[in-house]
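The values are calculated or read from the model by the stated rules, or taken from the named source; none is laboratory data. Being a predicted model, the structure only gives us computed values, none of them experimental. Positions of Cβ are generated from backbone atoms using ideal geometry, with glycine treated the same way; all protein chains shown enter the neighbour counts.
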Amino acid sequence: MKTLKNGELWYDTQGNVIHAHGGCMLKKDGYYYWYGENRNDDNYISCYRSADLREWEFRRHILTTHSPVSKSRVKASLTLVNEKGGKVNLERPKVLYNAATKKYVLWVHYENGENYREAACAVATCDVPDGDFVYHGHFNPFGYMSRDCTLFQEEDGTAYFISAARDNADLHIYRLQEDYLNIDSLVNRLWQGEYREAPAVFQRNGTYYMLTSFCTGWKPNQGKYGTAESMDGKWSILKEFGDETTFHTQPAFVMPIGSPDNREFLYISDRWDEEDYNHSSYVFLKLTFDAEGGLHLEYDENVPLEGRKGWKEKGIDDGEASGNS
Ligand code: GAL
């Protein structure tokens, strides 16, 4: 069986290049669903799934220029093309499952396709993980700028949207409403003036970790992370992980893998190609932790944790949530 090599182009089971840039993963019914940016044709976001993190089956372009639209708040612009009829930019899509509403809810960074001045977020939903998502429009949370973003879900279902504000100088943590369709409140502002972006959040042994990059576009830089005892609590100062280019990667997401008593954390990242976006690749690495909870990242040319089956096959329940431990 083929092994995925980090930084190479990866192909789906139909032989097409996988486009899931700036993406995320969600585990449901024994499958890992992988969502990410796809800038080709009329597509915005594509979805693949795998039972073993190795063979990726293309499922659908879940958000495109002609996706269905429906308002979920009083004011939100529903346009999926810009004023000139061109494509907008939808970057860093993240998806959570809301157990109360039984909806898959997607949040994404929205720009108008011409420049980065909208600095907005957008929301879409679906009844299944890999169906046609309904677009609910873009807006600025409480009027703030909102660029690189992620989602994080607690075990009790409380969810947070984290995004870069004030021209990327600060990172905001917003608690979502119970239905995940709107923002409830701004609960934290982190690392003001540090220009951190590409946030990825997870929780391990009661400690919350947030991985970030510096703000140099698609050029890689030194990864840094902070820790906290709660999302709305006090976060540590930033510490470095990986090398000065984070092994030529930028964080996209951290996916907890395995049963609760045998949990590992997969660093899912992009190796962007500035010259040819479609030649951008992925690097998956295992995060390691020292006795004090310090986080480390080492390079490996092979994708780790391959062959990890979905829990149904092994009869092990290793959780359904996308970002918690
Ligand atoms: C990066 C950001 C990416 C994309 C890129 C465009 O800083 O993390 O999501 O927006 O800039 O240059």
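Pull up region 160-198, narrow it to residues that are among the charged types (D, E, K, R) and under 18 Å from Glu111 (Cα atoms), then point me to the one that is farthest from the ligand (Cβ to nearest atom).
First, the residues of region 160-198 that are among the charged types (D, E, K, R): 166-167, 170, 175, 178-179, 184, 189, 194, 196-197.
If we keep only those that are under 18 Å from Glu111 (Cα atoms) as well, we get 166-167, 197.
Values: Arg166: 15, Asp167: 12, Glu197: 5 Å.
In this case the residue turns out to be Arg166.
Select from region 107-119 the residues that are under 18 Å from Gly36 (Cα atoms) and crowded, with 23+ Cβ neighbours inside 10 Å and write down the one among them that is farthest from the ligand (Cβ to nearest atom). Step through it out loud before you land on a result.
Residues of region 107-119 that are under 18 Å from Gly36 (Cα atoms), as a first pass: 107-111, 113.
Now drop any that are not crowded, with 23+ Cβ neighbours inside 10 Å, which leaves 107-110.
Values: Trp107: 14, Val108: 11, His109: 7, Tyr110: 11 Å.
Residue satisfying both the conditions and the ranking: Trp107.
Filter region 52-87 for residues that are part of a strand (DSSP E or B), in contact with a strand residue (DSSP E or B) (Cβ under 6 Å, 6 or more places away or on another chain) and not β-branched (Val, Ile, Thr) and give the result. First the steps, then the outcome.
So the first thing to find is which residues in region 52-87 are part of a strand (DSSP E or B), and the list is 57-64, 69, 77, 81, 87.
Checking the rest, the ones that are also in contact with a strand residue (DSSP E or B) (Cβ under 6 Å, 6 or more places away or on another chain) come to 57-64, 69, 77.
The answer is Glu57, Phe58, Arg59, Arg60, His61, Leu63, Ser77.
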So how many residues does region 226-253 have that are within 19 Å of Ser163 (Cβ to Cβ), away from the ligand (no atom under 16 Å from the Cβ) and under 19 Å from the mean Cα position of the chain (by Cα)?
2
Could you please find all residues in region 87-105 being surrounded by 24 or more Cβ atoms within 10 Å (Cβ to Cβ) and either over 26 Å from Ile268 (Cα atoms) or within 16 Å of the ligand (Cβ to nearest atom) (or both)?
Leu90, Arg92, Pro93, Lys94
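Can you name the residue in region 199-224 that is away from the ligand (no atom under 16 Å from the Cβ), not in a loop (DSSP other than H, G, I, E, B) and not β-branched (Val, Ile, Thr) and, of all such residues, is farthest from Ser146 (Cα to Cα)? It would help to see each step written out before you state the result.
Of all residues in region 199-224, those away from the ligand (no atom under 16 Å from the Cβ) come to 202-209.
So of that shortlist, the ones also not in a loop (DSSP other than H, G, I, E, B) come out as 202-204, 207-209.
Pick out the ones that are also not β-branched (Val, Ile, Thr) and you get 202-204, 208-209.
Details: Phe202: 20, Gln203: 23, Arg204: 27, Tyr208: 22, Tyr209: 21 Å.
Ranking the candidates gives Arg204 first.
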For the list (1) touching a residue at least 60 places away in the same chain (Cβ under 8 Å); (2) within 16 Å of the ligand (Cβ to nearest atom); (3) surrounded by fewer than 14 Cβ atoms within 10 Å (Cβ to Cβ); (4) basic (Lys, Arg), I need the number of the one condition that Lys75 fails.
(2)
Restricting attention to region 13-26, report how many residues are under 18 Å from Leu305 (Cα atoms) and surrounded by fewer than 23 Cβ atoms within 10 Å (Cβ to Cβ).
0
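I'd like to know if region 162-176 contains one or more residues that are closer than 25 Å to His61 by Cα and in a loop (DSSP other than H, G, I, E, B). Show your work before the answer.
Filtering region 162-176 down to residues closer than 25 Å to His61 by Cα leaves 162-163.
With the extra rule that they be in a loop (DSSP other than H, G, I, E, B), the set shrinks to none.
No; the residues of region 162-176 include none that is closer than 25 Å to His61 by Cα and in a loop (DSSP other than H, G, I, E, B).
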Selection from region 261-300 of residues that are modelled with pLDDT under 95 and exposed (fewer than 12 other Cβ atoms within 10 Å of the Cβ)
Asp261, Asn262
Say we look at region 136-154 and pick out the residues that are more than 16 Å from the ligand (Cβ to nearest atom) and under 18 Å from the mean Cα position of the chain (by Cα); which of these is surrounded by the most Cβ atoms within 10 Å (Cβ to Cβ)?
Phe152
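Looking at region 1-18, is at least one residue within 14 Å of the ligand (Cβ to nearest atom), under 16 Å from Ile268 (Cβ atoms) and not in a loop (DSSP other than H, G, I, E, B)?
no
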Residue list for region 254-279, filter: within 13 Å of the ligand (Cβ to nearest atom) and more than 16 Å from the chain's Cα centre (by Cα):
Asp273, Glu274, Glu275, Tyr277
Under 8 Å between Cβ atoms, which residue pairs at least 6 apart in sequence (or on different chains) link something in region 162-174 that is under 11 Å from Arg196 (Cα atoms) with a partner that is of a type in the set (Gly, Ala, Ser) and surrounded by fewer than 19 Cβ atoms within 10 Å (Cβ to Cβ)?
Ala169/Gly193; Asp170/Gly193
